[in-house]
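A.B. asks: Just dropping this structure here.
None of the figures in this text is laboratory data; all of them are computed from the coordinates on show. Values in this document were obtained by computation on a predicted structure and should not be read as measured data. Every residue, glycine as well, gets a Cβ built from its backbone with ideal geometry; the counts of neighbours run over all protein chains shown.
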Amino acid sequence: MLRTWDFPGTLAFYTGTLGFDCVSGGVEAGWAALARDGIEIMISVPNAHLDEHAAAFTGSFHFRTDDVDGWWAALGDKARVCYPIEDFDYGMREFAVYDNNGYLLQFGQPLP
């Protein structure tokens, strides 16, 4: 569950930029379940019972794909890039972008 203080912007980023479908919830509900290509993720407004004021996740989300070059072509000029697509010594072809909240999204594919 990703919490966001800009719920409409986050919903727009994940559906418009990343191509997820909103399968339930929405802006009025304050939460949404999103899906694409067998990937499911949920977003929500902050929980009123928690004393949170900003995104505080310290990791990254890694999307393993069979078409990392296709993802790069679709996202490389539409999102803030952390690092461009490249082949790494550990056997992955990857890139990373930030969503509208600053969450780090990494996309990777094993090298042949």
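A.B. asks: Which three numbers, in whole Å and largest first, are the semi-axes of the equivalent ellipsoid of the chain derived from its Cα gyration tensor as √(5λ)?
C.D. replies: Computed over the chain, the values are 27, 15, 12 Å.
A.B. asks: For the chain, what is the percent of antiparallel DSSP beta bridges, rounded to the nearest 5?
C.D. replies: Expressed as a percentage, antiparallel bridges in the chain total about 75.
A.B. asks: Here's another thing I want to ask about it. Can you check what the net charge comes to around residue 109, using other residues whose Cβ is under 11 Å from the Cβ of residue 109 (Lys, Arg +1; Asp, Glu -1)?
C.D. replies: -3
A.B. asks: Let me ask something else about it. Just to verify a number: FRET efficiency for residue 2 and residue 90, C-beta to C-beta distance, R0 = 35 Å, to 0.05?
C.D. replies: 0.85
A.B. asks: To the nearest 500 deg cm²/dmol, what mean residue ellipticity at 222 nm is calculated for the chain from DSSP H runs of n ≥ 4 alone, each contributing -39,500 (n - 2.57), summed and divided by the residues?
C.D. replies: -3000 deg cm²/dmol
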